[in-house]
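One structure below.
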Amino acid sequence: MSIQKTPEQNTIFFVWFNQYAGILLKTPTKTLAIDPVDIKPKSLQNTDAILITHEHYDHLDPRLITEIQKATDCTIIADAASTKKLHHTIPTDKLQEIKPTQEIKIGEVSVKAEKCQHNAQAPVTYIITSEDQVKIYHTADSLPFPELAALGQREKFDVVFCTVGIAPGTNPQTGFEIARLTKPQVAVPYHTASSTSQTEFASLLKKELPRTACLIPELNKIYQVSKRK
Ligand SMILES: [Zn+2]
């Protein structure tokens, strides 16, 4: 499932690889995996960094992370609770704890943590800015929260991933609300095993936010997004 091709300038590739928030992201210079679970370690061979949003089983698999880290020597960026579960097996210089508003650079790619409205110990969401300023917002399992509007205005997101199910309290409407607040170029409904939830999200978007495109991803397929002109 690794992405062989390299995106052109001002472009990123992404793959949604499980029914949760598992996203593989490739920029012109770096490959990042977010919340990998339910995946073979070999499929993440060329990963430069792994980002973890919170400690729940559908986002953090310590054994898998440890195996990938050993094989690739990649950097792990994680919320405080996940960091605690990883620090016995990941070398200290490869494990970086992150809290909302903190930023960590992976080469020229920026990873910034923000608040996450989800019932976990110290969950975060991630703003990833590619070396040529393509802006991706991975909102983990978050429910909508008011500060998203200001984040959207400040960042002008190209892609926002919106949870539409499985996590407590989430549904197509809460996912849509995240899109409505952040107003990205492209909104992607994920964290669901139900295509009905995704199409419900799409119709809400079409009706209420016609300037945001909806991209309903298929699992393990490569998608391309270019920077908003
Ligand atoms: Zn989840």
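Please treat every number below as a calculation from the coordinates, not as lab data. On a predicted model such as this, the values are computed, not experimentally measured, just so you know. No Cβ is skipped: glycine too gets one built from the backbone with ideal geometry, and neighbour counts run over all protein chains shown.
Each Lys and Arg contributes +1 and each Asp and Glu -1, all at the Cβ; summed about the Cα centre of the chain, the dipole is approximately 500 debye.
For the chain, evaluate the Debye formula with one uniform point scatterer on each Cα (no solvent term) and list log10 I(q)/I(0) at q = 0.11, 0.15, 0.18 Å⁻¹, rounded to two decimals. The Cα Debye sum returns log10 ratios of -0.47, -0.92, -1.40. Counting only DSSP H runs of at least 4 residues, each contributing -39500 (n - 2.57), and dividing by the residue count of the chain, the helix-based mean residue ellipticity at 222 nm comes to -6500 deg cm²/dmol. Would you list the P(r) distribution for region 139-218, with all Cα-Cα distances sorted into 5 Å bins from 0 and each bin expressed as a whole %? Bins of 5 Å from zero give 3, 19, 31, 28, 14, 4, 0 percent of pairs. Calculated translational diffusion coefficient of region 95-190 (20 °C, 1.002 mPa s; Stokes-Einstein with Kirkwood radius over alpha-carbon pairs) equals 160 µm²/s.
Sites listed here are GluC sites (Glu not before Pro) in region 50-109 whose DSSP assignment is loop and whose Cβ has at most 13 other Cβ atoms within 10 Å: 108.
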